Amino acid sequence: MKKNKALRTIVSFLGLLIFSCGALKAQTSTVVTPVSPTEDTNRVQIVGAERLTLLKTDDSTTLQILAGSVKLKQGKTLFFCDSCVLNNSGKLFEAWSNVQIKDGDSINVFSKHLRYQIDKKLAFLDGGVRLSDGKAQLTTPDLEYDLNTDIGIYKNGGKLVNKKTVLTSKEGYYYAALKDVYFKNNVLLKDPGYEIKTDSLLYNTGTQTNRFIAKTIIKDSTGRTIQTTDGFYSTTTGKAEFGQRPVIKDGATTIIGDRVAFDDSSGTSQAAGNVIIIDTAQGTTLLAGEVFRNDKNERFLATQKPLLIIEQEKDSIYVTADTIYSGKRSDLDTAYRAGTKRPQQDSLVKTKDSTDRYLEAFHHVRIFSDSLQATCDSLFYSYTDSIYRLHTDPIIWSNGSQITGDTIFLLTKNKKPDRLKVFENSLLVQQQEPGLYNQIGSIRMDGYFSNGELDSVRALGEAKTIYYIQNDDSAYTGINESKSDIIDIYILKKELERIVLRNEVSGTIWPIGQKDPGQMRLPKFRWLESHRPKTKAELFE
């Protein structure tokens, strides 16, 4: 070890002395040496130099001291410098000024100083080191470069520039064959489109792809932020994929999922696995197994047990279905005007604010709030008019009443039930006790809510009723079977408090013992309590 250290000291000293003063010349000549293909590729061969000086330091060691346009070769690797001291027997050479290593067709390394271990093909460069692979350029104060493995290592800070992308870190490992760089410790990537901060990052200079292997924060030019520990992002394609439950915050929207994929070029994204999407502007939270989004058109499609929570101060509304879809209401109206889609309400909407949205739910739709529950096969909700449109076997339960019809509109105000419109085959049923049901049927019904609960109902057109009469002791005394043009129903504490028949009234009051309660049924009668969502927890199952 002492001999090697002494040799390095002598070499450095003699090199500087010889090139600056021209002293200690043993033998000097100008040399250009052709290299034979049969020569040993493990040795460093002299291809050319303006001056060669041989210096014998002992019986076994001769130093070759070269100056001026020096060119050396080892295998397919070329070395250039202004001056160097070569010791092939000691398997070492040292070079100064305008040092360049050309390794293959694309790798070029530049520095002010090089110390090279010939047998190990290991280069130690310092002084303004630059490494270029034809795509990107790495600069660092010092670099260790292994020509056997084509791996470069820096540990005192480095910067990589690839077109408009700039990457800096404390440490770095460059894999030339793969064009991969592993950045470590205080990694910062800056690009006109985004900024990345992390402790570890893999970057490919050819594909301009970032791979994330540690806690990473990404912020793009739109203000969107992404927190992830796993995934990749390609600058060239705009495609990204993140795993390990990334958190994406995009304006008022937060997206969380086991896996989230983006395609910024098309504005589409896909989230899968226990997806949570929170929209503070709309006051909604979406849970689903999988969600597809189109940010350009502001649309989303949720599948695999989606559940939408429309948040309210005291009584949030929960909506679940096989599929939930949402888009811009103005786009829907544009499609209608173009003749490609039927309208969903009477007037065309032109709003562009936060209410310019609609929601559709398909198959096995269930709605739950503390004051109201509902089911149907398809649902349309417009944020513009705040109306839930329930189609195909709709059922609503509120304040002890079950309401059915061909189509039901639930009008809300401040996100609370306000009015109800039932079209065709309208039927309201209340169970007094098992087997005894108060019933009101008509062509159409209008319901009114107070504090979110059904307060009164008006039945219009061929209105009919069957209800059980009780005395002051709550004993059943008779059954009223009547009909009229209009029937008004008033509900108190989940019971029919009062029924008023208006216009063309006719009917019969049967003594309680004369009729079989099981036979006292209006057309279309069904008791569907088993279908009613009884707790919000049921919707998560």
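Computed on the range 398-533, with alpha-carbon pairs under 8 angstrom and 6+ residues apart, the relative contact order is 19 percent. Each of the peptides 474-481, 206-213, 157-164 was scored by the mean count of other Cβ atoms within 10 Å over its residues; in descending order, highest first, they stand as 206-213, 157-164, 474-481.
A protection proxy built from the mean count of other Cβ atoms within 10 Å ranks the segments 404-414, 300-310, most packed first, as 300-310, 404-414. The H on the amide N of D385, modeled in the peptide plane, is under 5 Å from the matching H of no residue at least 5 residues off or on a different chain.
Potential lengthening of the chain between K413 and L188 amounts to 76.1 nm, from the contour at 0.36 nm per residue minus the alpha-carbon distance. The stretch between R498 and I469, if pulled fully straight at 0.36 nm per residue, gains 9.3 nm over its current Cα-Cα span. Computed across the range 76-212, the Kirkwood hydrodynamic radius from all distinct Cα-Cα pairs reaches 15.2 Å. Separation between the K159 and H363 pseudo-spin-labels, each 7 Å from Cα along Cα→Cβ, expressed in nm? About 5.7 nm separates the two model spin labels. The range 482-539 gives an Rg/Rh value of 1.08, both radii derived from C-alpha positions and Rh following Kirkwood. Going 7 Å from the Cα of R43 toward and past its Cβ, which residues in the range 95-117 have a backbone nitrogen under 18 Å from where you end up? From the range 95-117, the list is 117. Helix-only arithmetic for the chain: the sum of -39500 (n - 2.57) across DSSP H runs with n ≥ 4, divided by the residue total, places the mean residue ellipticity at 222 nm at -2000 deg cm²/dmol.
Taking amide H as placed 1.01 Å from N in the peptide plane, R532 has no amide H partner under 5 Å among residues 5 or more places away or on another chain. What the phi angles of the range 388-396 give under the Karplus curve with 6.51, -1.76 and 1.60, with θ = phi - 60°, is a coupling list of 8, 10, 9, 10, 6, 6, x, 9, 10 Hz, glycine and proline written as x.
Distance distribution P(r), the chain, all Cα-Cα pairs, bin width 20 angstrom from 0: 18, 29, 19, 15, 11, 6, 1 percent. May I ask you to derive the FRET efficiency for Q227 and T149 from their Cβ-Cβ distance with R0 = 35 Å, giving the value to the nearest 0.05? The computed FRET efficiency comes out at 0.55. Taking θ as phi - 60° and the Karplus parameters 6.51, -1.76 and 1.60, the scalar couplings of the range 69-78 work out to 6, 6, 9, 10, 9, 9, x, 9, 9, 10 Hz in sequence order, x denoting glycine and proline. Counting every other Cβ atom within 10 Å of each residue's Cβ, W527, W96 order from fewest to most as W527, W96.
The shape of the range 398-533 comes out prolate: with a ≥ b ≥ c from the C-alpha gyration tensor, a/c is at least 1.5 and a/b beats b/c. Take every Cα pair under 8 Å whose residues are at least 6 apart in sequence, average their separation, divide by the length of the chain, and the relative contact order is 4 percent.
Taking other residues whose beta carbon is less than 9 angstrom from the beta carbon of G267, and scoring Lys, Arg as +1 and Asp, Glu as -1, yields -1. Straight-line cross-link partners of K296 among the lysines, defined as a Cα under 20 Å from its Cα and at least 8 positions apart when in the same chain: K219, K239, K249, K328, K350, K352. List the lysines whose Cα lies under 18 Å from the Cα of K56, skipping any in the same chain that are fewer than 8 positions away. By straight Cα distance, K56 reaches K3, K5, K25, K91. Compared with the alpha-carbon gap, the fully stretched path from A252 to D105 is longer by 47.9 nm at 0.36 nm per residue.
Every read-out reported here was derived from the displayed coordinates using simple, explicitly stated rules and does not represent laboratory data. Keep in mind the model is a prediction, meaning the values are calculated, not measured. Cβ: placed from backbone, ideal geometry, glycine included. Neighbour counts: every protein chain shown.
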